1. Any idea which residue in segment 249-272 is farthest from LEU64 (Cα to Cα), counting only those that are assigned to a helix (DSSP H, G or I) and among the hydrophobic types (A, V, I, L, M, F, W, C)?
2. What are the residues in segment 83-97 that are out of contact with any strand residue (DSSP E or B) (no Cβ under 7 Å at 6 or more places or on another chain), within 23 Å of CYS204 (Cα to Cα) and buried (at least 22 other Cβ atoms within 10 Å of the Cβ), if any?
3. Output the residues belonging to segment 127-159 that are crowded, with 22+ Cβ neighbours inside 10 Å and under 15 Å from the mean Cα position of the chain (by Cα).
4. Listed residues SER120, SER81; which is at pLDDT 95 or above and either of a type outside the set (A, V, I, L, M, F, W, C) or touching a Lys or Arg at 6+ places or on another chain (Cβ under 8 Å) (or both)?
5. Looking only at segment 55-75, count every residue that is open to solvent by less than 10 Å² (accessible area, probe 1.4 Å) and either over 17 Å from PHE253 (Cβ atoms) or without any contact (Cβ under 8 Å) to a residue 12 or more places away in the chain (or both) and tell me the total.
6. Only residues that are farther than 27 Å from ILE255 by Cβ and crowded, with 24+ Cβ neighbours inside 10 Å: list them for segment 182-215, please.
7. Can you spot a residue in segment 160-177 that is part of a strand (DSSP E or B) and open to solvent by less than 20 Å² (accessible area, probe 1.4 Å)?
Amino acid sequence: MTDPVIPFRSCTGAPACETMIIRRIVGRVYVFIRRVRMRVIPVGLALSGGTAKSVAHAGVIKALEEHGIPIDFLSGTSGGSIVAVLRAAGRSGDDLIETAKGMKWRRLAGLTLTRMGFLSGQKIREFIIGEIGDVDFGELLIPTAVVAADLTSGEKAVFRQGRVAVACQASSSIPEIYCPVEIDGHWLVDGGLVEYLPVGTLACFGEMFKIAVNLGMTGGVRREPHHMLEVVMQVTGFVAQRNAAASERLADFVIRPDVERFSPFALNRAPEIIEEGYRATIAAIPSLRRAIRAYGSLSQRARRFLARPRSCGDRA
């Protein structure tokens, strides 16, 4: 479709010239508005942690694909980082669901006896390599960022370069359960301690419509812990819940699958958890489409233009 042509015409007399100038201005404004509306809006998807409940992200992605919602950028924390990099490497929603349904803890954890944890995250690294190869971030089809917590500096660490599998291992290393990952003299653990819902990290890629998928608790009574692992998960969950609330305020749209009733270790219930992610996203599609259209409005563009960019904490 071509823009309307507004021809130049000579005019005689002040009233005629004023009318012509007004018409030209109106025409130029019309062309500008239409170009803005036709502009493709980039969409970023931030996937929270969730341990076994992270398989819900596969259902979310499948629903977005079915309804033509693009994913131009990805960020992930902990279990969300694993789903993010698999999607970024070209896996479809159906592929992710098939992989998630076949997941077993023996593929993600190996027993070790150290002072810093009793599970080795080496199997997380091996799982990623087995699925997509020992690739660098630059080889992914969708630009992706992975979040970890740097125990050495006390800050957020964002991976957008280097080996993908190592970044996911660090991001998923739950303190006191998994051993920390040492990279260049820094000890890194689960990113949920600093950014459970990595919406702010999407700012590394510039302006976009940001969809956040939060699998954490939003309040209410927590389920009774039945063993030490669940105690650790609830303690770290307190921290994650608070920083996730701040992250939600940075998102343009939030999807909250109802997965609170599931244990964080319930990989045996993966089909049910995936279905919750799919169902929550399907229900949100009409509102999501409206939000994306509103994001492209002139008033919203002006507001974002005046907003200051945030630092994303990239690792060198």
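1. LEU267
2. LEU86
3. If the condition is that a residue be crowded, with 22+ Cβ neighbours inside 10 Å and under 15 Å from the mean Cα position of the chain (by Cα), then THR144, ALA145, VAL146, VAL147, ALA148, VAL158, PHE159 are the ones that fit.
4. Exactly one residue qualifies, and that residue is SER81.
5. Number satisfying all stated conditions: 1.
6. Selection gives LEU188 alone.
7. no
The values are calculated or read from the model by the stated rules, or taken from the named source; none is laboratory data. Everything numeric in this text was worked out from a predicted model, so none of it was measured. Note that we place each Cβ from the backbone using ideal geometry, even for glycine, and neighbour counts take in every protein chain shown. Areas reflect the complete protein model, heavy atoms only, side chains present, ligands, DNA and RNA absent. Shrake-Rupley method; radii C 1.70, N 1.55, O 1.52, S 1.80 Å.
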